[in-house]
Amino acid sequence: MRLKSFLNHFSNREKGLAVSILLPTHRMFPDNKQDAIKLKNLVTEAHNQLRTWPDKQEAEIIMHAIEQKISTHDHNYNLDGLGIFANREGVILINFPFSVKEQMIAGEAFAIRDLIREINGAVHYHILVISRTDARLIEGFNSHLVHEFDARTALRIGSFPMESPFLFAAKGLDRAQIPNEAANLKEFFNRVDKNLQEIQNKPEQERLPVILAGDARNVAFFKEVCDQPADIVSEITSIPDLKIPAEKIITEIQGLISDLRRSRAETALQYIAQARNSHQLLTDPSMIFRAIDAGNAARLFVRQGYIQPGIIDFDQKIVTLHENPVTAGATGGTVSNDAVGTLIELVVQQGGDVHFLSADQLGKEAPLSLQMRY
């Protein structure tokens with residue numbers, strides 16, 4: 001499951017008990033041995049806390065499902081964080097390519113607020129590494145490796161990495177001497193693209209931007225046969241050895257990731273300008289709340305790291321941001337240590353986009369603003 005798909009999964013969930021277990025994990029042995037112990041301790045903590053849950057049967061069913069799920073989890077495949085989210089509908093276990101705060105929360109809402117900030121502010125992508133002999137597919141998240149695709153991901157045409165079926169024709173010959181070399185190369189890349197599109201088209205996953213890595217000729221050939229050229233957001237033709245480990249390839253393309261992040265920020269600023277010109281930009285927190293509640297939230301723009309306590313009156317649709325909400329003077333409402341985070345979560349639940357921009361990128365723009373749909 002892709003990370004944004006994971007967030008969307010919770011937008012229409014039923015009411016009832018929601019159990020969230022989060023812990024930082026380790027990618028390598030022997031450090032990952034302690035992950036299993038910490039996870040077991042957090043599950044025990046959940047058991048103890050749920051002894052007072054009003055619906056005892058619901059709590060027992062959910063805890064049994066959690067225990068079944070973790071019994072089959074292989075900690076050798078851990079990334080930097082692990083999340084387990086369970087309710088009466090089932091259990092989701094997901095590895096995160098970023099660290100998370102260790103916590104266990106059992107209540108009526110999942111603990112996904114920090115995850116929303118992390119996931120929506122990141123660049124999540126595929127790197128397709130192509131040569132005349134083979135092709136590799138790597139999934140990255142910012143500067144972190146998620147994984148490199150292998151035989152565990154079965155596809156209609158085998159799996160990644162893929163080897164060209166036309167290699168026999170190249171033995172002992174220079175590229176210019178190989179009969180139909182260009183046609184063979186394009187046919188190989190066409191097969192590579194079919195596997196890429198099969199992964200991109202999985203219904204439970206959003207499409208990821210694709211970065212091509214290879215020499216200029218191969219990159220050009222692949223772009224000719226690719227079914228979805230709009231997915232290709234960048235390319236790199238300067239990696240001398242395409243067989244280096246995936247982690248090193250991710251290091252090589254970090255300049256491109258920075259460019260993509262800047263491009264994304266420029267697009268967000270254009271949206272802000274368009275919204276202002278069409279009188280569809282809101283900066284008042286209460287007006288933002290009312291627009292979200294009315295289903296009129298297209299895009300929320302948030303300064304990176306902007307966490308603001310406040311009081312939220314869900315009945316009157318009033319948000320009062322204040323460093324000390326208890327002394328803010330507002331009557332009624334719910335005190336929140338992150339009222340901005342609540343607005344972010346509500347936008348995500350309604351299918352709106354959230355854009356995080358640095359203080360430098362925002363300049364004189366408000367730290368929180370909303371573009372309305374209409």
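The values are calculated or read from the model by the stated rules, or taken from the named source; none is laboratory data. These figures come from a predicted structure and were not determined experimentally. A quick note on method: Cβ atoms are made from the backbone with ideal geometry, for glycine too, and the neighbour counts reach across all protein chains shown. SASA here: full protein model, heavy atoms, side chains in, ligands and nucleic acids out. Shrake-Rupley method; radii C 1.70, N 1.55, O 1.52, S 1.80 Å.
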Check LEU321 against each of (1) over 21 Å from LEU115 (Cα atoms); (2) surrounded by fewer than 17 Cβ atoms within 10 Å (Cβ to Cβ); (3) at pLDDT below 90 and name the one condition it does not meet.
(2)
Of the numbered conditions (1) more than 16 Å from THR283 (Cα to Cα); (2) modelled with pLDDT of 85 or more, VAL340 satisfies every one except a single condition; which is it?
(1)
Those residues that are surrounded by 13 or more Cβ atoms within 10 Å (Cβ to Cβ) and farther than 23 Å from GLU247 by Cβ, I need them from the range 24-40; list them, please.
ALA36, LYS38, LEU39
Where the second residue is among the basic types (Lys, Arg) and part of a helix (DSSP H, G or I) and the first is open to solvent by less than 10 Å² (accessible area, probe 1.4 Å) and lies in the range 181-193, which pairs have Cβ atoms under 9 Å and are six or more apart or on separate chains?
LEU185/ARG217
Can you find even one residue in the range 100-107 that is farther than 30 Å from GLY305 by Cβ, assigned to a loop (DSSP other than H, G, I, E, B), open to solvent by 60 Å² or more (accessible area, probe 1.4 Å) and in contact with a helix residue (DSSP H, G or I) (Cβ under 9 Å, 6 or more places away or on another chain)?
no
Of the criteria (1) open to solvent by 40 Å² or more (accessible area, probe 1.4 Å); (2) in contact (Cβ under 8 Å) with a residue 60 or more places away in the chain; (3) assigned to a helix (DSSP H, G or I), which one ALA46 fails
(1)
When only residues in the range 193-218 that are touching a Lys or Arg at 6+ places or on another chain (Cβ under 6 Å) and polar (S, T, N, Q) count, which is modelled with the lowest pLDDT?
GLN205
With respect to LYS15, determine if the residue is outside any helix (DSSP H, G or I), open to solvent by 70 Å² or more (accessible area, probe 1.4 Å) and in contact (Cβ under 8 Å) with a residue 12 or more places away in the chain.
yes
What residue, of ASP360, ASP315, is more than 23 Å from LEU7 (Cα to Cα) and either among the polar types (S, T, N, Q) or assigned to a loop (DSSP other than H, G, I, E, B) (or both)?
ASP315
Exactly one of (1) part of a helix (DSSP H, G or I); (2) open to solvent by 50 Å² or more (accessible area, probe 1.4 Å); (3) polar (S, T, N, Q) is unmet by THR342. Its number?
(2)
Could you list, ordered by first residue, the pairs with Cβ atoms under 9 Å in which the first is in the range 24-36 and more than 18 Å from LEU145 (Cα to Cα) and the second is aliphatic (A, V, I, L, M) and open to solvent by 50 Å² or more (accessible area, probe 1.4 Å), at least 6 apart or interchain?
none
Tell me, which strands (runs of 3 or more DSSP E) lie completely within the range 111-151 with 2 or more residues that are more than 17 Å from ASN78 (Cα to Cα)?
124-130, 134-141
With respect to TYR306, determine if the residue is open to solvent by less than 70 Å² (accessible area, probe 1.4 Å), touching a residue at least 60 places away in the same chain (Cβ under 8 Å), out of contact with any Phe, Trp or Tyr (no Cβ under 8 Å at 6 or more places or on another chain) and not aliphatic (A, V, I, L, M).
yes
Out of the range 108-135, which residues are under 30 Å from GLU187 (Cβ atoms) and open to solvent by less than 30 Å² (accessible area, probe 1.4 Å)?
TYR125, HIS126, ILE127, LEU128, VAL129, ILE130, SER131, ALA135
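Residue by residue, here is whether (1) in contact with a Lys or Arg (Cβ under 6 Å, 6 or more places away or on another chain); (2) hydroxyl-bearing (Ser, Thr, Tyr); (3) at pLDDT below 90 holds:
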site: ALA154; (1), (2), (3): no, no, yes
site: SER159; (1), (2), (3): no, yes, no
site: ARG191; (1), (2), (3): no, no, no
site: SER234; (1), (2), (3): no, yes, no
site: LEU242; (1), (2), (3): no, no, no
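To keep it simple, each residue is scored yes or no on (1) open to solvent by less than 20 Å² (accessible area, probe 1.4 Å); (2) among the β-branched types (Val, Ile, Thr).
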position: ILE66; (1), (2): yes, yes
position: ILE70; (1), (2): no, yes
position: ASP74; (1), (2): no, no
position: GLY83; (1), (2): yes, no
position: ILE92; (1), (2): no, yes
